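Below: one structure, written as structure tokens.
The values are calculated or read from the model by the stated rules, or taken from the named source; none is laboratory data. Just so you know, these numbers come straight off a predicted model, no measurement behind them. Using ideal geometry, Cβ is built from the backbone for each residue, glycine included, and neighbour counts are taken over all protein chains shown. The area values use the complete protein model at the heavy-atom level, side chains included, leaving out ligands, DNA and RNA. Shrake-Rupley method; radii C 1.70, N 1.55, O 1.52, S 1.80 Å.
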Amino acid sequence: MIIEFAPMEGVTDVVFRRAHFEMFGGVDRYFLPFISPTSHLTFSHREQEGVSPLLNRGIPVVPQILTRDASLFLQTARLLADAGYEEVNLNLGCPSGTVTAKGKGSGFLRDLDGLRAFLDEVFEGASVSVSIKTRIGYESADEWPGLYALFRGYPLKELIVHPRTRAEFYKGEAHRDALDVCADAPFPVVYNGDLFRADDARGFSEAHAGISALMMGRGLVANPALAREAKGGARLTKEEARAFHDRLLREYLEKWPRNAVVGHMQEFMYYMGRCFENAEKAEKLIRKANTPEKYMDAVFRLFDECPLASPPAFSPR
């Protein structure tokens, strides 16, 4: 079983990635939060850190690009190739309103003619392999056969499918039957969506032998041992969860202003907190904390008083 870690903006940064890789393993490839290139082709400090070969040394990573400008995509891909990367991923999945309003991410799925022209130019000039992460439509799952037919015409490194539309965001049931459309795919197909338990991942993998890999996001942030367990390894323990949290907190406090760390850790604990039972009061205190001291008091209450669920798993609310 091959498992890939989905990029999650604001969570799976270079600190998180290094800590996860060293403490848990189980992940075969980490996809980096997207780079959104501008005409100046200058990366933000966060983007520079994210793609740094030095900071990612030893970790199998794939950069992701968010744009609808083929020229910017190709120029960014060349910069990444110069840094040693052999593959880049095109983001056609982001559902954020600020992204889709510009026709990027899943917003690009509304414009098949524009997307075709973009892909023609990209695959004519690409100096690295190109994979795509996509949703199955903008408004309706009925758009998927036409989108897949378009993708099928290009030599993709792989096609990562999150089987929801942009309109659905992360709500409702994933359209797992969308994978049936890809039965004749000339490239590897990766499934991404609602794999929150090790048994789910193993069962899906066994039932869909044609899928080349599984991609996990929210479930793997909540339970950092999920990939390891899905491959037959040990289940997450509370001691591991706490050690992982404490390492992240310590390293962020060394990098950023203290109050900025609180907001970042609250985002992370929104996911990990779901792995604990009877945690509603502690989670509320974590969300309300506005200083590092209040945050630490709240999170220590969670670890001290709340049992780890069996199995520990993310659950959407």
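Annotations for the structure displayed:
- Relative contact order computed over segment 66-221 (Cα-Cα under 8 Å; 6+ residues apart), in percent: 19 percent
- Placing a label point 7 Å from the Cα of E9 along the Cα-to-Cβ direction, the residues of segment 103-145 with a backbone N closer than 12 Å are 103-107.
- Loop-resident GluC sites (Glu not before Pro) (DSSP state other than H, G, I, E or B) in segment 228-299 with no more than 16 further Cβ atoms inside 10 Å of their Cβ: E277.
- Two-decimal log10 I(q)/I(0) for segment 206-317, as the Debye equation yields it once each C-alpha is a single scatterer, q = 0.11, 0.16, 0.19, 0.23 Å⁻¹: -0.38, -0.74, -0.98, -1.32
- In order along segment 92-100, the phi-based Karplus estimate (6.51 cos²θ - 1.76 cosθ + 1.60, θ = phi - 60°) of 3J(HN,Hα) comes to 10, x, 4, x, 4, x, 5, 7, 5 Hz; Gly and Pro are listed as x.
- Of the listed residues H40, H162, the order by accessible area with a 1.4 Å probe, largest first, is H40, H162.
- Placed amide H near I35: partners under 5 Å, 5+ positions off or other chain: Q64, I65, L66
- Calculated on C-alpha atoms, the gyration radius of segment 107-265 divided by its Kirkwood radius gives an Rg/Rh of 1.05.
- Kirkwood radius, segment 1-152, all distinct C-alpha pairs, inverse of mean reciprocal distance: 16.0 Å.
- Mean accessible surface per residue for the chain, computed with a 1.4 Å probe while every protein chain stays in place, in Å²: 43 Å²
- Extension reserve of the M1-S39 stretch, reckoned as 0.36 nm per residue once the Cα distance is removed: 9.7 nm
- Whole-number percent relative contact order across segment 1-106, with pairs defined as alpha carbons under 8 Å at least 6 apart: 24 percent
- A straight chain from D177 to H208 at 0.36 nm per residue would run longer than the Cα-Cα distance by 10.1 nm.
- Between D142 and R116, the contour length at 0.36 nm per residue exceeds the alpha carbon distance by 7.5 nm.
- Relative contact order (percent, whole number), segment 179-317, Cα cutoff 8 Å, 6+ residue spacing: 24 percent
- With the helix formula -39500 (n - 2.57) applied to DSSP H stretches of n ≥ 4, the chain reaches a computed 222 nm mean residue ellipticity of -12500 deg cm²/dmol.
- Residues whose amide H falls under 5 Å from that of I160, counting only those 5 or more places apart or on a different chain, are I132, K133, T134, V190, with hydrogens built in the peptide plane.
- Calculated from the structure at hand, Cα extents along the principal axes in Å is found among (i) 59, 59, 36; (ii) 56, 45, 35; (iii) 83, 74, 35 as (ii).
- Based on alpha carbons, the Rg and Dmax found for segment 252-317 are 11.9, 36 Å.
- Using θ = phi - 60° and Karplus 6.51 cos²θ - 1.76 cosθ + 1.60, couplings along segment 135-145 (whole Hz; Gly, Pro as x): 8, 9, x, 8, 9, 9, 5, 5, 6, 4, x
- Across all directions, the average flat footprint of the convex hull enclosing the Cα atoms of segment 114-198 is 6.3 nm².
- Qualifying GluC sites (Glu not before Pro) in segment 113-180, where qualification requires a DSSP coil assignment and no more than 12 other C-beta atoms within 10 Å, comprise E139, E173.
- Across segment 296-303, coupling constants 3J(HN,Hα) worked out from phi with the 6.51/-1.76/1.60 Karplus curve, θ = phi - 60°, read 5, 4, 5, 6, 5, 5, 4, 5 Hz, and Gly and Pro carry x.
- Cα centroid separation, segment 191-205 to segment 12-55 (Å): 24 Å
- Based on the convex hull around the alpha carbon atoms, segment 58-146 presents an average projected area of 6.2 nm².
- Accessible carbon and sulfur surface of the chain relative to its total accessible area, %, 1.4 Å: 50 percent
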